[in-house]
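Peer 1: Okay, here's the structure, questions in a sec.
The values are calculated or read from the model by the stated rules, or taken from the named source; none is laboratory data. This is a predicted model, so every value here is computed, not measured. In this analysis, Cβ positions are derived from the backbone assuming ideal geometry, glycine residues included, and neighbour counts consider all displayed protein chains.
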Amino acid sequence: MISALSLHAVTKRFGGLVAVNRLEFDVVENQVMGLIGPNGSGKSTVLNLISGAFPLSAGTIRMHGNIISNLQSQDVARRGVGRTFQLVRLLSSMTVLENVKAGTVFGYKRRWGAEADTYAEAMLERVGLGGRGDMSVGQLTYIDTKRLELARVLAGDPKIILLDEWLAGLNPTELGQGINLIRSLRDDGKTIILVEHVMDAIRSLCDECVVMAAGMKIAQGKPEQVLSNSEVIRAYLGDDDA
Amino acid sequence: MDVLITGLLLGGTYALIAMGLNLQYGMARIMNLANGEMLVAGGFAAFWFWTGGSISPLLTIFIVAPIAFVLNWSIYKVFLQPLVKRAKSRGQLEVDSILTTFGLSFVSVGVMLALFGGNYFNYSYLSVPVIIFGDTYGANRVVAFLAAVAICGSLWLWLSFSRAGLSIRAISVAPDSARLVGIDVRRLSALAFALGGAVTATGGALISTFLTLDASTGVVFTLKALVIVIMGGVGEVRGTIAAAVLLGLLETFVATVIDPGLTLAAAYLLFIVVLLFRPQGLFGRRGQ
Amino acid sequence: MRMTEAEWRDLVICLLCLGVAACFPWMVGAYWLSIGVSIAMFTVLSTSWAIFSGPTHFISLATAAFFGVGAYVVGIGIDYLPYYVLLPIAAVLGGLLAFLVGLATLRLSGVYFVIFTLGLAEFLRQMITWVQNISGTKGMYVLTSITEEHIYWQLLALAAGVWFSGWMIGRMRLGFALRIIGDDETVAKHVGINTSRAKVLLFMLPGSVAALAGAIIAPRYVYIEPSIAFTPMLSFQVVIMALLGGTGRLWGPLVGVIPFTLLWEVISISAPNQTTLLLGVSFLVIVYFLPKGFVGLVASIKRHSSIRGAQ
């Protein structure tokens, strides 16, 4: 069976610093894979490598068997990979609806005109922002900006979704809503890679986890397994969430 | 051979001028397009003191540098700091500072035209021949070169080893991290900007000993300084010096062998080549 | 092509204004006609500039370079080809130059683009001067039967073309892509936009248009030499007028062109050395007081009055 996403010997160097070191793992279709580790372990860099934001120094990344690691971000996006950013990136001069439309107009379905408007509205409903298309970006609350970014990602009909600490900074109620939303995306058939620090989310959402420290994989397995692994606990020592 | 030495002499002086812009763009993060006008102002001052009071340009430097320092500090505080505060992104700051410094450069040119008129000015200082390796060169070029080397050298030492100098380099590489270790980014940016202006004005005083200037030649020097700073790698001191020497050599070669009217074209072509193949500059780090 | 009622109304107003403007030469004397030509020329240059530099925030100073290329096409070609054949050639060459410049610099940050375009006109001027020195020619005469009125109408037609193109681009994917790029280029790349390609393609518009404008104006100069064709001030004037009027709307630059051209004219007559000072002060005024130009000012007045009205 061909994996949805497959990383082989992936390495990234920034000058003298090795941020990611011979990373190797597969993500199965329709799986929620957690990517966890202490700060500075290279998790966000891995997402940047997958999405094409940075070129690899070595190794390959394959999507459904085809190499995507030599592609630029726009081509990776068009293959069906969507991502959110650690610091939410929205288009500040546009309305909420236009922000979502941006996700579908240039994706591989290339919707335009009324079709794009309808689909964008549907995506807003999907994330819980239904009917707010005319609002300006500046009027949204924090969790709503995250929802908006997710709506934009969904508008591109992604097969694989990369979430970069999407649940960070949410209060318990919002956290519950966020977790449910992600779970519903998995139920829709998407494959999800989750970079997170919120352990409750990891435990309840992830089918499998990869733990990174100092750029290398130190453990992989089901959440209960890795989170009780002594190596992992040692890597996290000092982190309040562990 | 004489092309080599003349080019070297020119390059050394260019290095000083480009260092000024490097401090302002590389470290204070302001693309100062009025840089050339500061140079011309320095030249004007040297001219004025020499023709008026027979004061050697080498001494005028000690008057010009502090005045330029204070002037640039004020410019930073009044015009540029508000932009730094209100800019939502680095790109926005760059656009705003480009427009503002363009505005300042035109205003300076206008003011200089009003005060000094549109005439060229040059003067004869130390234009006695000096013999190096069998060829004759103007002593003024040699002296300017030596002064430039001395000043560049001390600057490099200061930036590499003094606390303030290292802090300035820190803010150029990682302003947010610099804040975290207690560096007052705002004050140091103003310092870097002011210092850059002083260095440029000094360079102007030196270069006026052997080049002809007028109120409108500022923009050519700005362009050359920009090319040098970008070629060498923004913020890199060694890179700036290397690129300046390279440009001095190239210009002298083109002027002597091909046509003196093509010096800017040559600098520009060099710029294009660097942009196409190594946009981070000779010594720069990729991904900045 | 669906158009809303508001759009039909705007279109009719536009056509009426164009019609009135076309009658201008019959209403005024020679002096005001030449001012009219300047205004038309700057409107063409500023609006096409704004179509690219507005959404992308990449400040192009290459206008003088493209303009000079167009003027030179006519200067060199007028002895060999009819005038109306030279115009499309100028447009194509301008577009080609823009394509090359864009390819080289638009993938880099905005600052490199500004510097590159700043030096471009001067570079071309030096190269052409050198070529002329070697080949022995000095400048060239452009002797045609084209009158000032012809130039005016051509520029007016070109302006209409530029507005139409801007309007079309705004309705197309390309216009949307550029707005996204202007807001956040990283997001643009991650939603599937090939940002370099979009920018390079769009940059060809001001390149062609400016070259075409230069070709149209060439007969007015009668004698063309490098320093006349490649006036560096032109690029700055165009930037100021576009920013003064505001790049948020297609009619923005026009609103900046008219007062600035008149002001420039007044100062050129009374204190010719101070035109530079005017340029400088205008830049500062724009940055500190009118960052979005008159368009922005009008928009914020509307916002305030609607808030006032709702109270």
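Peer 1: In the range C:116-151, what count of residues is obtained for those that are more than 7 Å from chain B (Cβ to nearest Cβ) and among the acidic types (Asp, Glu)?
Peer 2: Of the residues in the range C:116-151, 2 are more than 7 Å from chain B (Cβ to nearest Cβ) and among the acidic types (Asp, Glu).
Peer 1: Can you name the number of the only condition in (1) surrounded by fewer than 20 Cβ atoms within 10 Å (Cβ to Cβ); (2) at pLDDT below 85 that C:Gly170 fails?
Peer 2: Looking at each condition in turn, C:Gly170 falls short on (2).
Peer 1: Can I ask one more? Here is a list: B:Leu247, B:Leu270, B:Leu262, B:Leu226. Which entry is surrounded by fewer than 24 Cβ atoms within 10 Å (Cβ to Cβ), touching a residue at least 24 places away in the same chain (Cβ under 8 Å) and not in a loop (DSSP other than H, G, I, E, B)?
Peer 2: One residue alone meets the criteria, B:Leu270.
Peer 1: If you don't mind, there's one more thing I want to ask. Checking the condition among the aliphatic types (A, V, I, L, M), in a helix (DSSP H, G or I) and more than 14 Å from chain B (Cβ to nearest Cβ), which residue from C:Leu279, C:Leu212, C:Leu243 passes? Spell out how you get there, then give the answer.
Peer 2: Working: C:Leu279 fails: more than 14 Å from chain B (Cβ to nearest Cβ); C:Leu243 fails: more than 14 Å from chain B (Cβ to nearest Cβ).
On inspection, the qualifying residue turns out to be C:Leu212.
Peer 1: Out of everything in the range B:78-115 that is charged (D, E, K, R) and either assigned to a helix (DSSP H, G or I) or under 15 Å from B:Glu37 (Cβ atoms) (or both), what residue ends up being farthest from the other protein chains (Cβ to nearest Cβ)?
Peer 2: Among them, the one singled out is B:Lys85.
Peer 1: Just checking, how many residues over the range C:274-311 are buried (at least 16 other Cβ atoms within 10 Å of the Cβ) and over 17 Å from C:Met241 (Cα atoms)?
Peer 2: 1
Peer 1: Anything in the range C:1-45 that is of a type in the set (Asp, Glu) and crowded, with 18+ Cβ neighbours inside 10 Å? List them, or say none.
Peer 2: Selection gives nothing.
Peer 1: I would also like to ask the following. Quick one: in the range C:81-115, of everything that is assigned to a helix (DSSP H, G or I) and at the interface with chain B (Cβ under 7 Å from one of its Cβ atoms), which residue is surrounded by the fewest Cβ atoms within 10 Å (Cβ to Cβ)?
Peer 2: Step by step, filter the range C:81-115, then rank; the result is C:Ala104.
Peer 1: Being small (Gly, Ala, Ser) and either without any contact (Cβ under 8 Å) to a residue 24 or more places away in the chain or away from chain B (no Cβ under 14 Å) (or both) is the filter here; which residues of the range A:4-38 pass it?
Peer 2: First pass over the range A:4-38, keeping only residues small (Gly, Ala, Ser): A:4, A:6, A:9, A:15-16, A:19, A:34, A:37.
Matches in the range A:4-38: A:Ala4, A:Ser6, A:Ala9, A:Gly15, A:Gly16, A:Gly34, A:Gly37.
Peer 1: Among the residues of the range C:31-50, is any free of Cβ contacts under 8 Å to residues at least 60 places away in the same chain, out of contact with any strand residue (DSSP E or B) (no Cβ under 7 Å at 6 or more places or on another chain) and farther than 20 Å from C:Trp153 by Cβ?
Peer 2: There is no residue in the range C:31-50 that is free of Cβ contacts under 8 Å to residues at least 60 places away in the same chain, out of contact with any strand residue (DSSP E or B) (no Cβ under 7 Å at 6 or more places or on another chain) and farther than 20 Å from C:Trp153 by Cβ.
Peer 1: Could you tell me whether B:Ala34 is out of contact with any Asp or Glu (no Cβ under 9 Å at 6 or more places or on another chain), crowded, with 23+ Cβ neighbours inside 10 Å, more than 14 Å from every other protein chain (Cβ to nearest Cβ) and in contact (Cβ under 8 Å) with a residue 60 or more places away in the chain?
Peer 2: For B:Ala34, the condition - out of contact with any Asp or Glu (no Cβ under 9 Å at 6 or more places or on another chain), crowded, with 23+ Cβ neighbours inside 10 Å, more than 14 Å from every other protein chain (Cβ to nearest Cβ) and in contact (Cβ under 8 Å) with a residue 60 or more places away in the chain - is not met.
Peer 1: Here is a follow-up. Checking the conditions here, which among B:Ile55, B:Ile75, B:Ile67 is part of a helix (DSSP H, G or I) and away from chain C (no Cβ under 14 Å)?
Peer 2: B:Ile67
Peer 1: Would you pick out the residues in the range A:67-85 that are at the interface with chain C (Cβ under 8 Å from one of its Cβ atoms) and assigned to a strand (DSSP E or B)?
Peer 2: A:Gly82, A:Arg83
Peer 1: Right, something else. Mind listing whichever residues of the range A:31-72 are under 12 Å from the mean Cα position of the chain (by Cα) and closer than 21 Å to A:Leu205 by Cβ?
Peer 2: Matches in the range A:31-72: A:Val32, A:Met33, A:Gly34, A:Leu35, A:Lys43, A:Ser44, A:Val46, A:Leu47, A:Ile50, A:Ser51.
Peer 1: Next question. Which numbered condition trips up C:Gly248, out of (1) within 14 Å of chain B (Cβ to nearest Cβ); (2) not in a helix (DSSP H, G or I)?
Peer 2: Exception for C:Gly248: condition (1).
For (1) without any contact (Cβ under 8 Å) to a residue 24 or more places away in the chain; (2) within 14 Å of chain A (Cβ to nearest Cβ); (3) charged (D, E, K, R); (4) surrounded by fewer than 24 Cβ atoms within 10 Å (Cβ to Cβ), each residue gets a yes or a no:
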position: C:Val187; (1), (2), (3), (4): yes, yes, no, yes
position: C:Ile193; (1), (2), (3), (4): yes, yes, no, no
position: C:Tyr223; (1), (2), (3), (4): no, no, no, yes
position: C:Val238; (1), (2), (3), (4): no, no, no, no
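Peer 1: Right, something else. Show the residue pairs that are 6+ apart or on different chains and have beta-carbon atoms under 7 Å apart, the first residue being within the range C:60-73 and in contact (Cβ under 8 Å) with a residue 40 or more places away in the chain, the second being part of a loop (DSSP other than H, G, I, E, B).
Peer 2: C:Ala64/C:Phe230; C:Ala64/C:Thr231; C:Ala65/C:Phe230; C:Gly68/C:Phe230
Peer 1: Consider C:Gly166 carefully, then state whether it is farther than 23 Å from C:Tyr83 by Cβ, in contact (Cβ under 8 Å) with a residue 40 or more places away in the chain and within 14 Å of another protein chain (Cβ to nearest Cβ).
Peer 2: Taking the combined requirement at face value, the residue does not satisfy it.
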